[in-house]
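Undergrad: First, the structure itself, so that you have it in front of you.
The values are calculated or read from the model by the stated rules, or taken from the named source; none is laboratory data. For clarity, every value in this text was computed on a predicted model and none was experimentally measured. Here the Cβ is made from the backbone with ideal geometry for all residues, glycine too, and neighbour counts use every protein chain on show. Surface areas here come from the heavy atoms of the whole protein model, side chains and all, with no ligands, DNA or RNA. Shrake-Rupley method; radii C 1.70, N 1.55, O 1.52, S 1.80 Å.
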Amino acid sequence: MEEYNFDAELQAALSKKQEWYNSESLQELLNEYRLMHTCVKNLYECFVKKSLIQPDPYRLDKKISEIIVPESSPFSESEIPKVFGARFSDYETMLDFICTYFRFSTENFSIQTVKKLLDLNKVFDWEDLSMNSSRMNTRALAMTINNAKTNSPNVVQSMINDSVAKCTQSSVVISKMLNELGVFLRELFKGGLRKDLFEHPDFDKAKAAESAEAEQAEIRRLYTKVTGKKTMYTDLIAEIVEEDHGPDKERKQAAVLDRLAIKGSSKVEKKKAAGPDTKEMIMQAILALGAMAPTLTQLHAKLGENFTLLYQKKNTFFNKLMAALRKAFHISEKERVCNLPIKDAKTGTERTQKINVNEFLTDLSRKERVYNGIGMKGVEYQKINASNEDAILSFVNKQISEVQSIFVIINALDAYFKNEVDTEFKVKVKGMQIELSALRNSIINANKKRGEYASFKEEHAQMQKLGLSENA
(Lines give C-alpha, C1' and ligand atoms only; values in the text may rest on other atoms or scores of the structure.)
Protein backbone atom coordinates (compact mmCIF):
# COMPACT_ATOMS: atom_id res chain seq x y z
CA MET A 1 0.00 0.00 0.00
CA GLU A 2 2.88 2.31 0.87
CA GLU A 3 4.57 1.75 -2.50
CA TYR A 4 1.30 2.34 -4.36
CA ASN A 5 0.79 5.65 -2.59
CA PHE A 6 4.31 6.74 -3.49
CA ASP A 7 3.78 5.77 -7.15
CA ALA A 8 0.48 7.66 -7.32
CA GLU A 9 1.98 10.75 -5.67
CA LEU A 10 5.03 10.50 -7.90
CA GLN A 11 3.01 10.40 -11.14
CA ALA A 12 0.89 13.37 -10.01
CA ALA A 13 4.01 15.39 -9.13
CA LEU A 14 5.66 14.52 -12.45
CA SER A 15 2.58 15.56 -14.40
CA LYS A 16 2.30 18.87 -12.55
CA LYS A 17 6.01 19.66 -12.95
CA GLN A 18 5.92 18.76 -16.65
CA GLU A 19 2.97 21.12 -17.19
CA TRP A 20 4.88 23.88 -15.36
CA TYR A 21 7.96 23.34 -17.54
CA ASN A 22 5.94 23.47 -20.77
CA SER A 23 3.88 26.52 -19.81
CA GLU A 24 6.42 28.60 -17.88
CA SER A 25 9.99 27.51 -17.30
CA LEU A 26 10.91 26.45 -20.85
CA GLN A 27 9.47 29.69 -22.25
CA GLU A 28 11.76 31.59 -19.87
CA LEU A 29 14.66 29.44 -21.09
CA LEU A 30 13.77 30.27 -24.72
CA ASN A 31 13.73 34.00 -23.87
CA GLU A 32 17.24 33.69 -22.39
CA TYR A 33 18.46 31.96 -25.56
CA ARG A 34 16.89 34.70 -27.69
CA LEU A 35 18.63 37.40 -25.68
CA MET A 36 21.95 35.57 -25.90
CA HIS A 37 21.58 35.00 -29.64
CA THR A 38 20.87 38.69 -30.26
CA CYS A 39 24.00 39.70 -28.34
CA VAL A 40 26.23 37.08 -29.98
CA LYS A 41 24.96 38.13 -33.42
CA ASN A 42 25.79 41.76 -32.65
CA LEU A 43 29.32 40.77 -31.68
CA TYR A 44 29.75 38.53 -34.73
CA GLU A 45 28.67 41.31 -37.11
CA CYS A 46 30.99 43.78 -35.34
CA PHE A 47 33.95 41.38 -35.70
CA VAL A 48 33.20 40.88 -39.40
CA LYS A 49 32.87 44.63 -40.10
CA LYS A 50 36.24 45.25 -38.49
CA SER A 51 37.78 42.34 -40.45
CA LEU A 52 38.85 40.65 -37.21
CA ILE A 53 37.42 37.32 -38.35
CA GLN A 54 36.85 35.73 -41.74
CA PRO A 55 33.11 35.26 -42.43
CA ASP A 56 31.86 31.96 -43.77
CA PRO A 57 30.26 32.79 -47.17
CA TYR A 58 28.00 29.72 -46.92
CA ARG A 59 26.83 30.18 -43.33
CA LEU A 60 23.28 31.19 -44.26
CA ASP A 61 22.91 28.17 -46.56
CA LYS A 62 23.90 25.55 -43.98
CA LYS A 63 21.14 23.05 -43.29
CA ILE A 64 20.98 22.37 -39.54
CA SER A 65 18.68 19.71 -38.13
CA GLU A 66 20.23 18.97 -34.74
CA ILE A 67 22.31 20.54 -31.98
CA ILE A 68 26.01 20.36 -32.83
CA VAL A 69 28.61 21.70 -30.42
CA PRO A 70 31.43 23.71 -32.08
CA GLU A 71 35.03 22.50 -31.70
CA SER A 72 37.04 23.39 -28.59
CA SER A 73 40.41 21.96 -29.58
CA PRO A 74 43.53 24.22 -29.29
CA PHE A 75 44.78 26.39 -32.15
CA SER A 76 47.44 29.06 -32.54
CA GLU A 77 46.80 32.81 -32.14
CA SER A 78 47.74 33.33 -35.80
CA GLU A 79 44.72 31.20 -36.72
CA ILE A 80 42.21 33.33 -34.75
CA PRO A 81 40.66 35.08 -37.79
CA LYS A 82 39.99 31.79 -39.55
CA VAL A 83 39.53 29.13 -36.83
CA PHE A 84 37.92 31.27 -34.13
CA GLY A 85 35.89 33.05 -36.82
CA ALA A 86 34.47 29.72 -38.04
CA ARG A 87 33.71 28.51 -34.50
CA PHE A 88 32.06 31.76 -33.42
CA SER A 89 30.02 31.72 -36.64
CA ASP A 90 28.93 28.12 -35.92
CA TYR A 91 28.11 29.12 -32.33
CA GLU A 92 25.88 32.00 -33.51
CA THR A 93 24.24 29.78 -36.14
CA MET A 94 23.51 27.12 -33.51
CA LEU A 95 21.91 29.69 -31.18
CA ASP A 96 19.79 30.86 -34.12
CA PHE A 97 18.70 27.26 -34.79
CA ILE A 98 17.76 26.80 -31.12
CA CYS A 99 15.75 30.05 -31.04
CA THR A 100 14.03 29.54 -34.40
CA TYR A 101 13.52 25.82 -34.98
CA PHE A 102 14.03 23.95 -31.71
CA ARG A 103 10.75 23.15 -29.91
CA PHE A 104 10.83 24.11 -26.24
CA SER A 105 8.70 21.39 -24.67
CA THR A 106 9.67 18.54 -22.36
CA GLU A 107 8.74 16.03 -25.07
CA ASN A 108 11.52 17.43 -27.26
CA PHE A 109 14.20 17.34 -24.56
CA SER A 110 16.17 14.30 -23.48
CA ILE A 111 19.02 13.79 -21.03
CA GLN A 112 21.42 13.71 -24.00
CA THR A 113 19.94 16.93 -25.42
CA VAL A 114 20.46 18.76 -22.13
CA LYS A 115 24.07 17.53 -22.05
CA LYS A 116 24.66 18.88 -25.57
CA LEU A 117 23.16 22.24 -24.63
CA LEU A 118 25.34 22.41 -21.51
CA ASP A 119 28.38 21.64 -23.66
CA LEU A 120 27.31 24.37 -26.10
CA ASN A 121 27.06 26.78 -23.17
CA LYS A 122 30.69 25.96 -22.26
CA VAL A 123 32.19 26.55 -25.72
CA PHE A 124 33.06 30.09 -24.54
CA ASP A 125 33.55 30.90 -20.86
CA TRP A 126 31.63 34.18 -20.69
CA GLU A 127 32.11 34.41 -16.92
CA ASP A 128 35.89 34.44 -17.26
CA LEU A 129 36.75 36.19 -20.52
CA SER A 130 40.50 36.48 -20.21
CA MET A 131 43.23 36.91 -22.80
CA ASN A 132 45.27 34.54 -20.61
CA SER A 133 42.63 31.81 -20.51
CA SER A 134 43.93 28.26 -20.90
CA ARG A 135 40.93 27.56 -23.15
CA MET A 136 41.78 28.78 -26.64
CA ASN A 137 38.19 29.51 -27.70
CA THR A 138 37.72 31.83 -24.71
CA ARG A 139 41.15 33.44 -25.12
CA ALA A 140 40.47 34.12 -28.82
CA LEU A 141 37.07 35.65 -27.98
CA ALA A 142 38.61 37.91 -25.32
CA MET A 143 41.38 39.03 -27.68
CA THR A 144 38.93 39.70 -30.51
CA ILE A 145 36.65 41.71 -28.21
CA ASN A 146 39.64 43.75 -27.04
CA ASN A 147 40.71 44.42 -30.65
CA ALA A 148 37.14 45.34 -31.60
CA LYS A 149 36.98 48.00 -28.88
CA THR A 150 40.35 49.54 -29.76
CA ASN A 151 39.90 52.96 -31.41
CA SER A 152 36.14 52.33 -31.78
CA PRO A 153 33.53 55.05 -31.16
CA ASN A 154 31.96 55.11 -27.70
CA VAL A 155 28.67 53.80 -29.06
CA VAL A 156 30.38 50.69 -30.47
CA GLN A 157 32.33 50.09 -27.26
CA SER A 158 29.11 50.47 -25.29
CA MET A 159 27.34 47.93 -27.54
CA ILE A 160 30.19 45.44 -27.12
CA ASN A 161 30.29 45.85 -23.33
CA ASP A 162 26.51 45.54 -23.08
CA SER A 163 26.44 42.44 -25.31
CA VAL A 164 29.22 40.75 -23.32
CA ALA A 165 27.51 41.57 -19.99
CA LYS A 166 24.18 40.17 -21.19
CA CYS A 167 25.87 37.02 -22.60
CA THR A 168 27.53 36.48 -19.22
CA GLN A 169 24.23 36.83 -17.36
CA SER A 170 22.31 34.64 -19.81
CA SER A 171 25.04 31.98 -19.77
CA VAL A 172 24.71 31.66 -15.99
CA VAL A 173 20.90 31.54 -16.10
CA ILE A 174 20.84 29.03 -18.99
CA SER A 175 23.33 26.75 -17.23
CA LYS A 176 21.29 26.81 -14.01
CA MET A 177 18.01 26.12 -15.82
CA LEU A 178 19.51 23.31 -17.90
CA ASN A 179 20.96 21.60 -14.82
CA GLU A 180 17.57 21.78 -13.12
CA LEU A 181 15.90 20.48 -16.28
CA GLY A 182 18.39 17.61 -16.36
CA VAL A 183 17.41 16.62 -12.80
CA PHE A 184 13.73 16.68 -13.77
CA LEU A 185 14.31 14.59 -16.93
CA ARG A 186 16.08 11.96 -14.83
CA GLU A 187 13.04 11.74 -12.56
CA LEU A 188 10.75 11.74 -15.61
CA PHE A 189 12.71 8.81 -17.03
CA LYS A 190 12.40 6.90 -13.76
CA GLY A 191 8.70 7.72 -13.45
CA GLY A 192 8.07 6.65 -17.04
CA LEU A 193 9.87 3.38 -16.41
CA ARG A 194 7.75 2.71 -13.31
CA LYS A 195 4.59 3.44 -15.27
CA ASP A 196 5.38 1.58 -18.51
CA LEU A 197 7.45 -1.32 -17.24
CA PHE A 198 6.06 -2.01 -13.76
CA GLU A 199 2.49 -2.01 -15.14
CA HIS A 200 3.38 -4.30 -18.06
CA PRO A 201 1.51 -7.64 -17.89
CA ASP A 202 4.81 -9.57 -18.16
CA PHE A 203 6.36 -7.77 -15.18
CA ASP A 204 6.39 -10.05 -12.13
CA LYS A 205 5.51 -7.66 -9.28
CA ALA A 206 5.62 -10.39 -6.63
CA LYS A 207 9.12 -11.44 -7.64
CA ALA A 208 10.30 -7.82 -7.87
CA ALA A 209 9.04 -7.19 -4.33
CA GLU A 210 11.23 -9.98 -2.89
CA SER A 211 14.56 -8.11 -3.05
CA ALA A 212 16.57 -5.37 -4.73
CA GLU A 213 18.36 -7.94 -6.90
CA ALA A 214 15.07 -9.49 -8.03
CA GLU A 215 13.56 -6.11 -9.01
CA GLN A 216 16.68 -5.14 -10.93
CA ALA A 217 16.64 -8.48 -12.75
CA GLU A 218 12.97 -7.98 -13.73
CA ILE A 219 13.70 -4.48 -15.04
CA ARG A 220 16.63 -5.67 -17.14
CA ARG A 221 14.67 -8.66 -18.43
CA LEU A 222 11.83 -6.55 -19.84
CA TYR A 223 13.62 -3.26 -20.55
CA THR A 224 14.24 -3.69 -24.30
CA LYS A 225 10.85 -5.31 -24.88
CA VAL A 226 9.00 -2.38 -23.29
CA THR A 227 11.16 0.61 -24.24
CA GLY A 228 12.62 -0.53 -27.56
CA LYS A 229 16.01 1.02 -28.31
CA LYS A 230 15.89 3.71 -25.62
CA THR A 231 19.16 4.21 -23.75
CA MET A 232 19.37 2.18 -20.54
CA TYR A 233 20.61 4.39 -17.70
CA THR A 234 21.93 1.87 -15.19
CA ASP A 235 22.46 4.55 -12.52
CA LEU A 236 18.80 5.57 -12.74
CA ILE A 237 17.65 1.97 -12.55
CA ALA A 238 19.81 1.61 -9.44
CA GLU A 239 18.07 4.67 -7.97
CA ILE A 240 14.63 3.12 -8.60
CA VAL A 241 15.70 -0.05 -6.82
CA GLU A 242 17.10 1.96 -3.87
CA GLU A 243 13.83 3.91 -3.62
CA ASP A 244 11.92 0.61 -3.43
CA HIS A 245 14.27 -1.59 -1.37
CA GLY A 246 16.94 0.59 0.26
CA PRO A 247 17.25 0.77 4.06
CA ASP A 248 16.22 4.46 3.94
CA LYS A 249 13.74 4.19 1.09
CA GLU A 250 11.22 6.51 2.79
CA ARG A 251 13.83 9.29 2.90
CA LYS A 252 14.79 8.70 -0.75
CA GLN A 253 11.14 8.74 -1.85
CA ALA A 254 10.58 12.00 0.04
CA ALA A 255 13.69 13.46 -1.61
CA VAL A 256 12.30 12.59 -5.07
CA LEU A 257 9.00 14.33 -4.32
CA ASP A 258 10.87 17.33 -2.94
CA ARG A 259 12.90 17.62 -6.16
CA LEU A 260 9.64 17.63 -8.13
CA ALA A 261 8.03 20.32 -6.01
CA ILE A 262 7.48 23.62 -7.87
CA LYS A 263 9.33 26.07 -5.68
CA GLY A 264 7.35 29.17 -4.77
CA SER A 265 4.15 27.55 -6.06
CA SER A 266 2.08 29.30 -3.37
CA LYS A 267 3.10 32.66 -4.85
CA VAL A 268 2.15 31.40 -8.29
CA GLU A 269 -1.25 30.34 -7.02
CA LYS A 270 -1.80 33.73 -5.36
CA LYS A 271 -0.88 35.48 -8.60
CA LYS A 272 -3.31 33.29 -10.53
CA ALA A 273 -6.06 33.99 -8.02
CA ALA A 274 -5.52 37.72 -8.43
CA GLY A 275 -5.43 37.38 -12.20
CA PRO A 276 -2.51 37.77 -14.60
CA ASP A 277 -0.54 40.99 -14.99
CA THR A 278 -2.02 42.48 -18.17
CA LYS A 279 1.00 44.75 -18.72
CA GLU A 280 3.21 41.66 -18.62
CA MET A 281 0.86 39.90 -21.07
CA ILE A 282 1.14 42.61 -23.73
CA MET A 283 4.91 42.92 -23.15
CA GLN A 284 5.18 39.23 -24.07
CA ALA A 285 3.86 40.23 -27.50
CA ILE A 286 6.59 42.90 -27.63
CA LEU A 287 9.25 40.28 -26.87
CA ALA A 288 7.77 38.08 -29.61
CA LEU A 289 8.38 40.97 -32.03
CA GLY A 290 11.96 41.28 -30.76
CA ALA A 291 12.53 37.60 -31.53
CA MET A 292 12.02 38.36 -35.25
CA ALA A 293 15.23 40.42 -35.48
CA PRO A 294 17.64 37.58 -36.41
CA THR A 295 15.27 36.27 -39.09
CA LEU A 296 14.81 39.75 -40.61
CA THR A 297 18.60 40.17 -40.65
CA GLN A 298 19.02 36.91 -42.55
CA LEU A 299 16.31 37.89 -45.02
CA HIS A 300 17.88 41.34 -45.47
CA ALA A 301 21.24 39.77 -46.34
CA LYS A 302 19.71 37.43 -48.93
CA LEU A 303 17.52 40.17 -50.40
CA GLY A 304 20.56 42.41 -50.87
CA GLU A 305 22.40 39.67 -52.78
CA ASN A 306 19.35 38.76 -54.87
CA PHE A 307 18.62 42.38 -55.83
CA THR A 308 22.25 42.75 -56.92
CA LEU A 309 21.81 39.71 -59.17
CA LEU A 310 18.47 41.04 -60.46
CA TYR A 311 20.03 44.29 -61.69
CA GLN A 312 23.34 42.76 -62.75
CA LYS A 313 23.82 43.03 -66.49
CA LYS A 314 25.47 40.45 -68.67
CA ASN A 315 29.17 41.08 -69.11
CA THR A 316 28.89 42.30 -72.74
CA PHE A 317 30.99 44.98 -74.47
CA PHE A 318 27.96 47.32 -74.72
CA ASN A 319 27.13 47.02 -71.02
CA LYS A 320 30.79 47.64 -70.09
CA LEU A 321 30.82 50.73 -72.33
CA MET A 322 27.60 52.13 -70.81
CA ALA A 323 28.95 51.59 -67.29
CA ALA A 324 32.19 53.41 -68.20
CA LEU A 325 30.26 56.35 -69.71
CA ARG A 326 28.02 56.67 -66.63
CA LYS A 327 31.12 56.73 -64.45
CA ALA A 328 32.95 59.24 -66.67
CA PHE A 329 30.02 61.70 -66.81
CA HIS A 330 28.95 61.09 -63.17
CA ILE A 331 25.54 59.85 -64.24
CA SER A 332 23.79 58.15 -61.33
CA GLU A 333 22.36 54.68 -61.70
CA LYS A 334 18.68 54.45 -62.56
CA GLU A 335 16.50 54.14 -59.45
CA ARG A 336 16.01 50.47 -58.67
CA VAL A 337 12.29 49.71 -58.87
CA CYS A 338 10.45 46.49 -59.51
CA ASN A 339 6.78 45.91 -60.29
CA LEU A 340 6.03 42.92 -58.10
CA PRO A 341 3.07 40.61 -58.85
CA ILE A 342 1.39 39.67 -55.56
CA LYS A 343 -1.38 37.09 -55.28
CA ASP A 344 -4.06 37.50 -52.62
CA ALA A 345 -4.04 34.31 -50.53
CA LYS A 346 -7.81 34.51 -49.83
CA THR A 347 -9.28 35.52 -53.20
CA GLY A 348 -6.53 34.27 -55.52
CA THR A 349 -6.59 37.57 -57.42
CA GLU A 350 -3.26 39.09 -58.49
CA ARG A 351 -2.22 42.71 -58.15
CA THR A 352 0.98 44.55 -59.03
CA GLN A 353 2.85 46.49 -56.34
CA LYS A 354 5.64 48.94 -57.14
CA ILE A 355 8.64 48.37 -54.86
CA ASN A 356 11.37 50.98 -54.46
CA VAL A 357 14.26 48.67 -53.61
CA ASN A 358 16.41 51.13 -51.63
CA GLU A 359 13.46 52.40 -49.59
CA PHE A 360 12.27 48.86 -48.88
CA LEU A 361 15.70 47.70 -47.69
CA THR A 362 16.17 50.87 -45.61
CA ASP A 363 12.80 50.34 -43.90
CA LEU A 364 13.69 46.70 -43.29
CA SER A 365 17.04 47.71 -41.77
CA ARG A 366 15.27 50.21 -39.48
CA LYS A 367 12.86 47.53 -38.28
CA GLU A 368 15.77 45.15 -37.62
CA ARG A 369 17.42 47.73 -35.36
CA VAL A 370 14.23 48.37 -33.39
CA TYR A 371 13.48 44.67 -32.94
CA ASN A 372 17.10 43.99 -32.08
CA GLY A 373 16.88 46.61 -29.30
CA ILE A 374 13.67 45.00 -28.05
CA GLY A 375 15.23 41.53 -28.07
CA MET A 376 18.20 42.79 -26.04
CA LYS A 377 15.81 44.62 -23.67
CA GLY A 378 17.72 47.78 -24.49
CA VAL A 379 16.55 51.40 -24.82
CA GLU A 380 13.74 50.54 -27.27
CA TYR A 381 12.32 47.91 -24.91
CA GLN A 382 12.58 50.22 -21.88
CA LYS A 383 10.76 53.03 -23.73
CA ILE A 384 7.91 50.71 -24.70
CA ASN A 385 7.72 49.20 -21.21
CA ALA A 386 7.39 52.73 -19.75
CA SER A 387 4.31 53.41 -21.92
CA ASN A 388 0.71 52.65 -20.94
CA GLU A 389 -1.01 49.48 -22.13
CA ASP A 390 -3.10 51.20 -24.83
CA ALA A 391 0.02 52.72 -26.40
CA ILE A 392 1.82 49.36 -26.26
CA LEU A 393 -1.15 47.57 -27.85
CA SER A 394 -1.28 50.20 -30.60
CA PHE A 395 2.45 49.67 -31.25
CA VAL A 396 1.97 45.88 -31.38
CA ASN A 397 -0.98 46.20 -33.79
CA LYS A 398 1.03 48.49 -36.10
CA GLN A 399 4.11 46.25 -36.05
CA ILE A 400 2.23 43.02 -36.71
CA SER A 401 0.42 44.65 -39.64
CA GLU A 402 3.70 45.95 -41.08
CA VAL A 403 5.54 42.65 -40.63
CA GLN A 404 2.67 40.78 -42.30
CA SER A 405 3.02 43.15 -45.28
CA ILE A 406 6.79 42.60 -45.31
CA PHE A 407 6.22 38.83 -45.27
CA VAL A 408 3.86 39.04 -48.28
CA ILE A 409 6.33 41.17 -50.25
CA ILE A 410 9.39 39.01 -49.51
CA ASN A 411 7.42 35.84 -50.25
CA ALA A 412 6.49 37.29 -53.65
CA LEU A 413 10.08 38.44 -54.21
CA ASP A 414 11.32 34.89 -53.60
CA ALA A 415 9.43 33.73 -56.70
CA TYR A 416 10.17 36.96 -58.59
CA PHE A 417 13.94 36.55 -58.30
CA LYS A 418 13.79 32.97 -59.58
CA ASN A 419 11.86 34.11 -62.65
CA GLU A 420 13.42 37.49 -63.45
CA VAL A 421 17.15 37.14 -62.74
CA ASP A 422 19.20 36.61 -65.93
CA THR A 423 19.71 32.92 -66.68
CA GLU A 424 23.47 33.01 -66.16
CA PHE A 425 23.02 34.37 -62.60
CA LYS A 426 20.04 32.23 -61.50
CA VAL A 427 22.23 29.59 -59.89
CA LYS A 428 23.40 32.25 -57.40
CA VAL A 429 19.89 33.27 -56.29
CA LYS A 430 19.41 32.71 -52.55
CA GLY A 431 16.21 30.86 -51.60
CA MET A 432 14.36 32.35 -48.64
CA GLN A 433 11.65 29.84 -47.75
CA ILE A 434 13.37 28.62 -44.55
CA GLU A 435 13.60 32.18 -43.20
CA LEU A 436 10.07 32.98 -44.39
CA SER A 437 8.77 29.93 -42.53
CA ALA A 438 10.53 31.13 -39.38
CA LEU A 439 9.09 34.64 -39.85
CA ARG A 440 5.59 33.22 -40.34
CA ASN A 441 5.90 31.26 -37.08
CA SER A 442 7.12 34.39 -35.27
CA ILE A 443 4.16 36.40 -36.58
CA ILE A 444 1.77 33.66 -35.43
CA ASN A 445 3.40 33.70 -32.00
CA ALA A 446 3.14 37.50 -31.68
CA ASN A 447 -0.47 37.35 -32.85
CA LYS A 448 -1.21 34.65 -30.28
CA LYS A 449 0.25 36.79 -27.46
CA ARG A 450 -1.76 39.79 -28.63
CA GLY A 451 -4.91 37.66 -28.86
CA GLU A 452 -4.47 36.31 -25.33
CA TYR A 453 -4.13 39.85 -24.02
CA ALA A 454 -7.16 41.14 -25.96
CA SER A 455 -9.33 38.18 -24.90
CA PHE A 456 -8.49 38.63 -21.23
CA LYS A 457 -9.15 42.38 -21.36
CA GLU A 458 -12.50 41.82 -23.09
CA GLU A 459 -13.52 39.15 -20.58
CA HIS A 460 -12.49 41.40 -17.70
CA ALA A 461 -14.53 44.30 -19.13
CA GLN A 462 -17.60 42.07 -19.48
CA MET A 463 -17.27 40.92 -15.87
CA GLN A 464 -17.09 44.53 -14.69
CA LYS A 465 -20.23 45.41 -16.67
CA LEU A 466 -22.04 42.55 -14.96
CA GLY A 467 -20.80 43.76 -11.59
CA LEU A 468 -18.71 40.63 -11.02
CA SER A 469 -15.30 40.85 -9.39
CA GLU A 470 -12.45 38.44 -10.11
CA ASN A 471 -12.57 37.18 -6.56
CA ALA A 472 -16.29 36.39 -6.65
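Undergrad: Sort out the exposed loop GluC sites (Glu not before Pro) in the chain (DSSP loop, at most 14 other Cβ within 10 Å) and tell me the longest stretch that has none.
TA: Longest stretch, sites excluded: 336-469.
Undergrad: Relative to the longest principal Cα axis of the chain, at what angle does helix 234-245 sit, 0 to 90 degrees, rounded to 10?
TA: Roughly 30 degrees, rounded to the nearest 10.
Undergrad: What is the count of Lys pairs in region 1-88 whose alpha carbons sit under 28 Å apart, if the two are 8 or more places apart or on different chains?
TA: So the count works out to 13.
Undergrad: Same structure, new question: Over all Cα pairs of region 72-123, how is the pair count split among 5 Å bins, expressed in % and running from 0 up to the last occupied bin?
TA: Reading upward from the zero bin: 5, 16, 22, 22, 14, 10, 7, 3, 1.
Undergrad: Now for a separate question. Quick one: accessible area per residue over the chain, 1.4 Å probe, rounded to a whole number of Å²?
TA: Using a 1.4 Å probe on heavy atoms only, each residue of the chain averages 55 Å².
Undergrad: Quickly work out the Gln27-to-Phe75 label distance, labels modelled 7 Å from Cα along the C-beta direction, and quote it in nm with one decimal.
TA: Using points 7 Å along Cα→Cβ, the separation is 4.0 nm.
Undergrad: In Å, what Kirkwood hydrodynamic radius results for region 7-70 from the alpha-carbon pair distances?
TA: 15.5
Undergrad: Let me ask something additional. Please quote Rg/Rh for the chain to two decimal places, taking the Kirkwood radius as Rh and restricting both calculations to Cα atoms.
TA: Dividing the radius of gyration by the Kirkwood radius yields 1.05.
Undergrad: So for region 347-427, taking the charge dipole from beta-carbon charges (+1 Lys/Arg, -1 Asp/Glu), which of Gln382, Phe395, Val370 sits furthest toward the positive end?
TA: Looking along the dipole axis, the top candidate is Gln382.
Undergrad: Which residues make up the longest stretch of the chain clear of chymotrypsin sites (Phe, Trp or Tyr not before Pro) that lie in a DSSP loop with no more than 12 other Cβ atoms within 10 Å, not counting the sites?
TA: By the stated rule (loop sites, at most 12 other Cβ atoms within 10 Å), 59-328.
Undergrad: Further question: If you stretched the chain out fully between Ala254 and Asn108, how much longer would it get, using 0.36 nm times the residue separation minus the C-alpha to C-alpha distance?
TA: Computed gain between Ala254 and Asn108 is 49.8 nm.
Undergrad: Follow-up. Please list, or write none, the aspartates and glutamates whose alpha carbon is within less than 19 Å of the alpha carbon of Lys343, excluding same-chain residues fewer than 8 places away.
TA: Filter leaves Glu402, Asp414, Glu420.
Undergrad: At a Förster radius of 56 Å, what calculated FRET efficiency corresponds to the Cβ-Cβ distance of Ala238 and Ser387, to the nearest 0.05?
TA: 0.50
Undergrad: What's the magnitude of the charge dipole for the chain around its Cα centre, counting Lys and Arg as +1 and Asp and Glu as -1 at the beta-carbon? Answer in Debye, nearest 20.
TA: 2340
Undergrad: Within the chain, what's the longest stretch lacking trypsin sites (Lys or Arg not before Pro) that sit in DSSP loops with no more than 12 other Cβ atoms inside 10 Å?
TA: Here the longest run is 347-472.
Undergrad: In degrees, nearest 10, range 0 to 90: what is the angle between the Cα axis of helix 154-198 and the longest Cα principal axis of the chain?
TA: 40
Undergrad: Another one. What do you get for the angle between helix 26-49 and the principal long axis of the chain? Use alpha-carbon atoms, 0 to 90 degrees, nearest ten.
TA: 30
Undergrad: Ala454 to Arg366: FRET efficiency via 1/(1 + (r/R0)^6), r the Cβ-Cβ distance, R0 30 Å, to the nearest 0.05?
TA: So the FRET efficiency works out to roughly 0.65.
Undergrad: Another question about this same structure. Can you run the Rg to Rh ratio on region 72-201? Use alpha carbon positions and the Kirkwood inverse-distance Rh.
TA: Expressed as Rg/Rh, it is 1.11.
Undergrad: Roughly how far apart, in whole Å, are the Cα centres of region 118-180 and region 37-80?
TA: 14
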